[in-house]
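Here the structure is laid out as structure tokens; the discussion comes afterwards.
The values are calculated or read from the model by the stated rules, or taken from the named source; none is laboratory data. These numbers come from a predicted model, not from an experiment. All Cβ positions, even for glycine, are placed from backbone atoms using ideal geometry, and neighbour counts span all protein chains on display. The accessibility values were calculated without ligands, DNA or RNA, using every heavy atom of the protein model including side chains. Shrake-Rupley method; radii C 1.70, N 1.55, O 1.52, S 1.80 Å.
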Amino acid sequence: MLALSVRQPWAWLIIHAGKPIENRDWYTRVRGRVLIHASKGMTRDEYDDACAFAHHCGVNTNLIPLPAELQRGGIIGSVEIIDCVTVHSSPWFVGFHGFVLRDPRPLPFRPYKGQLGFFEVLDA
């Protein structure tokens, strides 16, 4: 199964807050269910910026786990990619390309080394 590595807390927002767009500067033809891998790295500034953006998009940021509580460096769930767009009405869309997401499903945390772009998880 394919996986996509996403930095925290964006990965948490996809799986637990229904973030419907993943912004990227590249196009993808990938459609269907993919695993969401939470990247290992995350700075405090990245966390704070993501929380501020999520608040702007209507998320109750009190629900977002604190930085030390966020799972990182592994698979945290799956989501379905249904489209890749260059324009979208969602306040979450801010990039050149947006992967349109639906049906997030949390999974038990599983440590796994991430990679750039989509990557294959052989024993998913």
* Per-region count, segment 13-58, residues β-branched (V, I, T) and surrounded by fewer than 20 Cβ atoms within 10 Å (Cβ to Cβ) -> 3
* Asked: Which of the residues spanning segment 67-115 are within 27 Å of R44 (Cβ to Cβ) and among the small types (G, A, S)?
  -> A68, G73, G74, G77, S90, G95, G98, G114
* May I ask you to list the residues in segment 59-104 that are open to solvent by 70 Å² or more (accessible area, probe 1.4 Å), within 14 Å of W10 (Cβ to Cβ) and among the aliphatic types (A, V, I, L, M)? => V94
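Yes/no matrix, rows are residues, columns are (1) among the hydroxyl-bearing types (S, T, Y); (2) at pLDDT 95 or above; (3) more than 13 Å from the chain's Cα centre (by Cα):
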| site | (1), (2), (3) |
| --- | --- |
| R29 | no, yes, yes |
| G77 | no, yes, no |
| I81 | no, yes, no |
| H97 | no, yes, yes |
| K113 | no, no, yes |
* **Residues that are within 15 Å of Q71 (Cα to Cα) and open to solvent by 60 Å² or more (accessible area, probe 1.4 Å), drawn from segment 106-124** => P106, L107, P108, F109, R110, P111, Y112, K113
